[in-house]
Amino acid sequence: MGNVRLRYKPPAGLSQALPRLPRPAVCESETTRCTPGAPDSMILRASLFVESISSKIKSQELKSEDVVKFFLDKIKNYNKDLNAIVSLRDETEIISEAKEKDRLFDNGNKIGLLHGMPLAIKDITDVKELPTSFGCKEYKNNFPDEDSIISERLKKAGAIIIGKTNTAEL
């Protein structure tokens, strides 16, 4: 594969935040215990990751725009090999939405739990501006008229839906 060069240099706050995320070796609760790599452990790690970035956005250590640019750059670098993102909104549109989220926060507006967080949603969930193909080529031009309740709630919570992730056919 060779060396991969980043086109976008993340701000110091973002590059420092990501490596320091908590990485529990064993997650325990009153009812479950899971080992590293187990689905529960992966979910816990992902939620800690989101919580860490979200808290840094809310404390203004990070800007939504920088977080979005960081992940868009990762998608550019790796998606051709992974095919994880099957449809992506226009980059300038995504960055513009992130800037707007930053302005809303700077102006003291009430923000949601996922304010400014970029999310890709499974290709079985309707998002008004993106095709929903259900992983099937025959539906590649299926553009829903409205958001699904999931997409609607994520947007109300402040998330920036950047695209759709791959899914198995139907």
Practice task
List the residues whose amide H sits under 5 Å from the amide H of Lys122, counting only those 5 or more places along or on another chain, with H placed 1.01 Å from N in the peptide plane.
Solution key: Thr165
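Can you give the relative contact order of the stretch 106-157 as a percent, counting alpha carbon pairs under 8 Å and 6+ residues apart?
Averaging sequence separation for qualifying contacts and normalising by length gives 34 percent for the stretch 106-157.
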Practice task
Over 30 Å between C-alpha atoms is what I'm after, so list which of Lys99/Lys137; Lys110/Lys140; Lys56/Lys140; Lys56/Lys155; Lys63/Lys137; Lys101/Lys137 land there.
Solution key: Lys99/Lys137; Lys110/Lys140; Lys56/Lys140; Lys63/Lys137; Lys101/Lys137
Practice task
Can you figure out the FRET efficiency of Asp106 with Asp145, using R₀ = 35 Å and their beta-carbon distance, to the nearest 0.05?
Solution key: 0.55
Completion exercise
Across 10 Å bins beginning at 0, the whole-percent shares of Cα-Cα pair distances in the stretch 116-170 come to 27, 54, 17, 1
Completion exercise
Row for the stretch 65-170, column shape: gyration tensor on C-alpha, a ≥ b ≥ c, rounded if a/c < 1.5 i.e. under 1.5, prolate if a/b over b/c, else oblate; value oblate
Problem - Hypothetical label at Ile95: residues of the stretch 51-70 whose amide nitrogen lies under 19 Å (7 Å Cα-Cβ projection) - result: 62-70
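Averaged per residue, what accessible area in Å² does the stretch 70-170 show with a 1.4 Å probe, protein chains only? Please list the in-between numbers first.
Working: 5960 Å² over 101 residues.
With all protein chains present, the stretch 70-170 gives 59 Å² per residue.
The values are calculated or read from the model by the stated rules, or taken from the named source; none is laboratory data. From a predicted model like this one, the values you see are computed outputs, not experimental measurements. Backbone-built Cβ (ideal geometry, glycine too); neighbour counts: all protein chains shown. Just the protein is used for accessible areas: all its heavy atoms, side chains included, with ligands, DNA and RNA removed. Shrake-Rupley method; radii C 1.70, N 1.55, O 1.52, S 1.80 Å.
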